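Working notes, structure below.
No lab work stands behind these numbers, since they all come straight from the coordinates. The model shown is predicted, which means the values in this text are computed figures rather than measured ones. Note: ideal-geometry Cβ built from the backbone for every residue, glycine included; neighbour counts use all protein chains shown.
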Amino acid sequence: MLLLVDLDGVVYRGPVPIAGMPELLTERVAAGDRVVYVTNNSRWHRSQYQATLRSMGAPVGEGMLVSSARATALALASRPRPPRRTLVLGGPGLVQELRDEGLRTVAPTPAGLGQEPDAVVVGVDFSLTYRRLSTTAAAVRSGALFVATNRDPVFPLPDQLAAGAGSIVAAVATAGGREPDEVIGKPEPGLFREAARSMGMPVEDAVVIGDGLGTDIAAAHRVGARSVLMLTGVTTQAQVDAAPPAARPTWIADGPTALARILEDAAAAS
Ligand SMILES: [Mg+2]
């Protein structure tokens with residue numbers, strides 16, 4: 001089976017691994033499952049996630065991590081006509097993911113804008129300034145393909161909620177006068193599609209394992225995949241019960257032990 005595994009709230013919470021998850025994923029890989037970690041976070045290059053996961057004892061390997069940054073790069077590079085130059089409002093991890101796929105990037109500066117980028121990619125940008133925002137919006141107004149890594153309004157830091165990529169995308173869309181042409185991250189289907197395609201497996205055969213009802217589970221429904229909602233993150237059982245039946249996951253697990261049973265049953269049935 002192909003397992004599309006969300007990170008925060010599923011494999012770890014902040015810097016702390018969720019007890020039993022690294023071991024369970026190691027067992028599933030040994031049993032023949034393919035695991036791809038999928039995260040909306042566009043900040044880091046995949047090598048940085050791999051280092052974190054390895055330190056927690058989770059299985060890692062080539063192609064096993066697809067962030068919204070990586071999925072954006074794969075989606076752009078596989079277009080019939082990939083962009084010639086892409087202006088990036090985001091961090092070095094996002095820039096590197098795009099370059100790894102052979103895409104030429106320019107900075108959101110007057111010099112970058114002068115190179116007439118035909119695509120704009122917006123992710124979370126810790127160096128956001130008024131000038132970077134205004135320059136990116138100018139490229140959007142000039143008609144460049146406008147792609148957002150994701151639209152998460154906020155993301156959790158240990159002591160507060162920080163502004164997410166979606167907040168920056170909203171600013172660019174307002175100043176640029178139009179909405180993104182494409183949004184890659186959950187709940188949109190692009191992240192899961194690219195993750196499955198990178199493994200050469202049909203996305204509708206995947207099992208999505210996530211803690212977000214409106215993100216992971218919603219995206220699973222969009223691509224026709226089965227899903228397990230983990231109660232180890234942001235969603236409570238009461239929230240699942242209150243959701244309309246069509247928005248609920250295939251299975252619910254309160255931790256790795258319950259997840260192990262679900263995956264054994266799913267593997268036996270397929
Ligand atoms: Mg999560």
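Overall, the chain carries a charge dipole of about 880 debye about its Cα centre when +1 sits on the Cβ of Lys and Arg and -1 on the Cβ of Asp and Glu, all other atoms neutral.
Taking the radius of gyration and the Kirkwood hydrodynamic radius from Cα positions alone, what is the Rg/Rh ratio for segment 82-183, to two decimal places? Write down the numbers at each step before the final one.
Numbers: Rg = 12.8 Å, Rh = 13.4 Å.
Rg divided by Rh gives 0.96.
Computed about its Cα centre, the charge dipole of segment 1-91 is approximately 660 debye, with only Lys, Arg, Asp and Glu carrying charge at their Cβ.
Here the calculated FRET efficiency for Ser142 and Arg79, from their Cβ-Cβ distance with R0 = 25 Å, stands at 0.85, rounded to the nearest 0.05.
How high is the relative contact order of segment 69-225? Use alpha-carbon pairs under 8 Å, at least six apart in sequence, and give a whole percent. This gives 19 percent for segment 69-225. Of the residues Ala225, Ala266, Val140, the one whose Cα sits farthest towards the positive end of the charge dipole of the chain is Val140 (charges of +1 on Lys and Arg Cβ, -1 on Asp and Glu Cβ, taken about the Cα centre). Sorting the segments 120-126, 199-205, 10-16 by their residues' average number of neighbouring beta-carbon atoms within 10 angstrom, most packed first, yields 120-126, 10-16, 199-205. Taking Cα pairs under 8 Å and at least six residues apart, what relative contact order does the chain come out at, in percent? With pairs under 8 Å counted, the relative contact order is 18 percent. Expressed as a whole percent, how much of the Cα-Cα distance distribution for the chain exceeds 27 Å? For the chain, the share of Cα pairs beyond 27 Å comes to 37 percent. Charge dipole of segment 53-155 (Cα centre as origin; +1 on each Lys and Arg Cβ, -1 on each Asp and Glu Cβ, all else neutral): 220 debye, rounded to the nearest 20.
Measuring between their Cα centroids, segment 76-100 and segment 251-270 lie 37 Å from each other. Which helices count as membrane-span-like in the chain under these terms: full DSSP H, at least 15 Å along the axis by C-alpha, Kyte-Doolittle mean of -0.5 or more? Counting only whole DSSP H runs, the qualifying helices are 130-141, 165-176, 256-269. A crude spin-label estimate for the pair Ser134 and Ala268, with each label 7 Å from Cα along the Cβ direction, gives 6.5 nm. Shape class of segment 159-242 from the alpha-carbon gyration tensor: oblate, with a/c at 1.5 or above and b/c at least as large as a/b.
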